[in-house]
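All remarks here apply to the structure that follows.
None of the figures in this text is laboratory data; all of them are computed from the coordinates on show. Predicted model only: the values in this text are computed from it and were never measured. As a convention, Cβ positions derive from the backbone with ideal geometry for all residues, glycine included, and neighbour counts pool all protein chains shown.
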Amino acid sequence: MSSYTDPFRDKRQETGVLKCEFQGENVPMILRHEAVRRAAKDWKTFSSDAPFRVPIPSEEEMRTMRQLPIETDPPDHTEYRALVDPVFRRPKDPEVIARVENLIDAMLVDAMSRDSIEIVREFALPLQSRALTYLLNVPESEAETWIGWGIHVFHDGGSGKQKGSALEDYLHSKFDEAAANPGEDFFSILTQASFRGRPLTREEMMGFGNLTFAGGRDTIIHSVSCAIAYLAQHPEALDYLREDPSRIVLASEELFRVFMPLTHIGRVCPVETDVHGVTVKADGRVSLCWASANQDETVFESPEEVRLDRRPNPHLSFGFGTHLCLGAAHARLLLRTLLLKCTQKVAKITVLSANERVEKTAGYERQLGYDSLSVRITPVD
């Protein structure tokens, strides 16, 4: 699509807040760019120290532990995050970059050898899963298990409770293996880590593992799917990037802005708080609406347009403040490499069929990627 339909525009312009009900709880969504950024930085008023309640909908039925470090506030958050920062900096490692380039190269060659390929499950899901093995420094064969979990660990097939239990069983087995035979992988790092002079508890390890496999999975899959759909619908964009691949950095940031896969995230108010005229009682939640902030017309000129050369582009697709997304470098590496390889190998992408994924609530309706997207990818002669 060349433009984006913004379901939050009217309320953003009128009041800056949209009141919605999620799981029987009235949650005001903060819509304006500056207000979202201000709330994201103000962790004392809008706290993340709320196990299970940072995601919207909340996840009490799907997991038994607090996700780390996202469901904590400073100083705990700062110290927990430092434990895994070396893992999430790996996308800047030349060896990891080369492996991702080779992976996407091979996957595109395979896709172009077919009459058609379904992008969501046959391309984006395997890409995310295999690239994650590079990030976590585990054997690529682990990806086959992760691919079997589907688009979302909790919400794709089966009950969320059953799928959450399966994820926990998997994590326990990996931490057991790492404790018995430690290496240099994600699981081993956590089994050997210390927090304030003591070893991490198994529950803390599980909290890191749960976030890693549940937090950035569907978001990357939908970002990749939307990017491929956009290139199919706008062949001139592929030509534009092919003319000068240095344009890919700005272009990828614009695609992240427009095709924001995570609508919002929750925060909890420790005390009664006025949120732009809406009273939130103590222990009540608010929503930081990243998708609305990314369309704020006071910040982005013609925000409904996809401008691959947009600059500056202060989008909030990776959050803001203390809780800036741990996986941002990983996501950027995947999308930038995908765009680069498409400029080198792909002449044309043709959409054969598409089923858009739509997020519906009582307060808004928003396109959120694709349930399925079948395309034909034509190679460069």
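Observations on the structure shown:
- Ranking of T212, T322 by neighbouring Cβ atoms within 10 Å, starting from the fewest: T322, T212.
- Förster radius 22 Å - calculated FRET efficiency between E140 and A179 (Cβ-Cβ, nearest 0.05): 0.45
- Dipole in debye (nearest 20) - the range 9-379, about Cα centre, beta carbon charges: Lys, Arg +1; Asp, Glu -1: 460 debye
- Relative to one another, the C-alpha centroids of the range 171-207 and the range 67-120 are positioned 20 Å apart.
- Only helices enter the 222 nm calculation for the chain: every DSSP H run of n ≥ 4 contributes -39,500 (n - 2.57), and dividing by all residues gives -13500 deg cm²/dmol, rounded to 500.
- Pairwise label distance in nanometres, H152 with E359, each label 7 Å out on the Cα-Cβ vector: 0.9 nm
- Residues H264, H77, H172 in ascending order of nearby Cβ atoms (within 10 Å, fewest first): H172, H77, H264.
- Note on E272 and A98: the model spin-label points, each 7 Å out from Cα along the C-beta direction, lie 6.3 nm apart.
- Span-like helix check, the chain: qualifying full DSSP H segments, with Cα axial length of 18 Å or more and mean Kyte-Doolittle of 0.5 or more, are 94-112, 217-233.
- Magnitude of the charge dipole, the range 282-381, Cβ model with Lys/Arg +1 and Asp/Glu -1, debye to 20: 540 debye
- Across G164, G363, G24, mean-square fluctuation computed from a Gaussian network of the chain (C-alpha pairs under 10 Å connected) peaks at G24.
- Applied to the range 21-30, the Karplus parametrisation 6.51 cos²θ - 1.76 cosθ + 1.60 on θ = phi - 60° returns per-residue 3J(HN,Hα) values of 10, 10, 6, x, 10, 7, 10, x, 8, 7 Hz, with x for Gly and Pro.
- Of K41/K281; K11/K41; K41/K163; K41/K161, those spanning more than 27 Å from alpha-carbon to alpha-carbon: K41/K163; K41/K161
- Using the Cβ-Cβ distance between A82 and A106 with R0 set to 35 Å, the FRET efficiency works out to roughly 0.50.
- The GluC sites (Glu not before Pro) of the range 29-62 that meet both conditions, a loop assignment by DSSP and at most 14 other Cβ atoms within 10 Å of the site Cβ, are E60, E61.
- Length gained on full extension, A347 to T5: 120.3 nm, using 0.36 nm per residue less the C-alpha separation.
- Separation of alpha-carbon centers, the range 229-296 and the range 129-158, rounded to whole Å: 24 Å
- Shown here for the range 170-233: GluC sites (Glu not before Pro) in loop regions (DSSP other than H, G, I, E, B) with at most 14 other Cβ atoms within 10 Å, namely E184.
- Using the Cβ of H33 as centre and a radius below 12 Å, the other residues enclosed give a net charge of +2, where K and R count +1 and D and E count -1.
- The GluC sites (Glu not before Pro) of the range 269-378 meeting both criteria, a DSSP state outside H, G, I, E and B (loop) and at most 11 other C-beta atoms within 10 angstrom of the site's C-beta, are E272, E301.
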